[in-house]
Amino acid sequence: MPGGSTLPLGHVKNTFVLSVPIATAAVNANTTAERIFTVIGLDAGFDTVFVSKPTHQTGLGIVNARVSADDTLALTFMNNTGGGITPTTENYLLFVARHDYPDRNSVPTAIA
């Protein structure tokens with residue numbers, strides 16, 4: 001991962017904020033569409049991601065962000081209008097939290 005890391009808290013090993021160029025095709029009317037982007041350094045076993053699209057587009061939302069495989073960001077776009085919407089090509093901010101558990105199955109299911 002490029003850049004520095006903040007002081008980790010709890011079971012978070014590292015955190016990163018990245019500026020990721022996103023360009024994608026139109027999202028059809030009244031549907032959701034998952035789109036895949038390469039982000040070098042993402043780890044499917046240990047990373048949780050949050051994304052911020054810098055501009056507003058009426059009817060368009062991001063309803064899920066996940067690391068679908070190593071080096072791979074999957075964003076699910078929602079279009080709740082009657083026509084297609086092409087997301088603006090721009091740099092999205094990506095917040096990455098990397099946990100320090102041995103694998104995803106070791107992550108607690110509740111706060112004790």
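Structure notes:
- Residue satisfying condition, being in a loop (DSSP other than H, G, I, E, B) and of a type in the set (S, T, N, Q), within set THR32, THR76, THR81: THR81
- Any hit, segment 30-37, residues being β-branched (Val, Ile, Thr), on the phi < 0 side of the Ramachandran plot, exposed (fewer than 14 other Cβ atoms within 10 Å of the Cβ) and within 13 Å of the chain's Cα centre (by Cα): yes
- Condition check for TYR101 on (1) of a type in the set (Phe, Trp, Tyr); (2) at pLDDT below 95; (3) part of a strand (DSSP E or B): one failure, at (3).
- Subset of segment 87-106 (residues that are out of contact with any His (no Cβ under 6 Å at 6 or more places or on another chain), in contact (Cβ under 8 Å) with a residue 12 or more places away in the chain, surrounded by 10 or more Cβ atoms within 10 Å (Cβ to Cβ) and within 22 Å of GLY41 (Cα to Cα)): GLU90, ASN91, TYR92, LEU93, LEU94, PHE95, VAL96, ALA97, ARG98, TYR101, ARG104
- Taking the criterion of being in a strand (DSSP E or B), in contact (Cβ under 8 Å) with a residue 24 or more places away in the chain and over 30 Å from SER106 (Cβ atoms), the only residue of segment 36-68 that qualifies is LEU60.
The values are calculated or read from the model by the stated rules, or taken from the named source; none is laboratory data. Predicted model only: the values in this text are computed from it and were never measured. Positions of Cβ are generated from backbone atoms using ideal geometry, with glycine treated the same way; all protein chains shown enter the neighbour counts.
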